[in-house]
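The values are calculated or read from the model by the stated rules, or taken from the named source; none is laboratory data. Remember, it's a predicted structure, so these values are computed and weren't measured experimentally. Note that we place each Cβ from the backbone using ideal geometry, even for glycine, and neighbour counts take in every protein chain shown. These accessible areas exclude ligands, DNA and RNA; they are computed on the full protein's heavy atoms, side chains included. Shrake-Rupley method; radii C 1.70, N 1.55, O 1.52, S 1.80 Å.
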Amino acid sequence: MLWEADSYDSSDNRCIFAVVSFGIILELPRKHIVSAGLVGAVGWVVYLLVNQSSHSIIAAAFFSSLVVALVSHIFARVFKAPVTVFLVAGILPSVPGASIYRSVYHMIGNMPGQANHYLMETLQIAGAIAMAIFIMDSIFRLIQKK
């Protein structure tokens, strides 16, 4: 049975622990690890809400990444730290790991139709994440110039 993103419910609090653990692996400054975990948890809640209402993991990844980028920029200014401290760890829940896995799984299983479907889904999710980060970064740069 493949892991399904839809199998999580909003009461699932494992996200903050995953992001905090990832922050420890990335050797984030100790004073920012919990904040990075909160950024990831907020992003995951947005992901779940958008996915539940739109049934689109691409839209969910886009809007959750948009919120993660926004909160990361705010935290960076509040805590006087680089945006990447919060962004890299916070974006972790939106990364399309399950789609990548499914793509390779179906490729190895000689199911090219399914493999192509999940590969395209992976690329769309990655593009949505990149676009959301770019949009939010551009907005903050415009605000800084004024």
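For the range 29-35, the Karplus equation 6.51 cos²θ - 1.76 cosθ + 1.60, evaluated at θ = phi - 60°, returns couplings of x, 3, 5, 10, 5, 5, 5 Hz by residue, with Gly and Pro reported as x. In terms of the Cα gyration tensor, with a ≥ b ≥ c the square roots of its eigenvalues, is the range 41-104 rounded because a/c is under 1.5, prolate because a/b exceeds b/c, or oblate? Since a/c reaches 1.5 but b/c is at least a/b, the shape of the range 41-104 is classed as oblate. Highest mean packing comes first when the peptides 134-144, 31-41 are listed by Cβ atoms within 10 Å, giving 31-41, 134-144.
Can you work out the accessible area per residue across the chain, with the rest of the protein chains kept in place, probe 1.4 Å, in square angstrom? Walk me through the numbers on the way to the answer.
Numbers: 8740 Å² over 146 residues.
It amounts to 60 Å² per residue over the chain.
Per-residue Karplus couplings for the range 54-66, computed as 6.51 cos²θ - 1.76 cosθ + 1.60 with θ equal to phi - 60°, are listed in order as 9, 6, 10, 6, 6, 5, 4, 5, 5, 5, 5, 5, 4 Hz, Gly and Pro entered as x.
Among the protein heavy atoms of the chain, carbon and sulfur supply 68% of the accessible surface, probe 1.4 Å, non-protein parts ignored. Structure remark: mean-square fluctuation, Gaussian network model of the chain, C-alpha springs under 10 Å; the largest value among 108, 74, 125 belongs to 108.
Relative to the present Cα-Cα distance, how much length would full extension add between residue 14 and residue 55 at 0.36 nm per residue of separation?
Working: separation 41, 0.36 × 41 = 14.76 nm, distance 2.17 nm.
Residue separation times 0.36 nm, minus the Cα-Cα distance, leaves 12.6 nm.
A straight line joining the Cα centroids of the range 110-146 and the range 81-99 runs 12 Å.
With respect to the chain, whose longest principal axis is taken over its alpha-carbon atoms, helix 14-25 is tilted by about 70°.
Please give the calculated 222 nm ellipticity per residue for the chain, where each DSSP H segment of at least 4 residues contributes -39500 (n - 2.57) and the sum is spread over every residue; nearest 500 deg cm²/dmol? Before the final figure, lay out the partial values.
Values: 6 runs with 114 residues, N = 146.
For the chain, the value works out to -26500 deg cm²/dmol.
Note on residue 123 and residue 107: their simple-model spin labels are 1.2 nm apart, each label 7 Å out from Cα toward Cβ. Stretching the chain fully between residue 138 and residue 26 yields a gain of 37.7 nm (0.36 nm per residue, less the alpha carbon separation).
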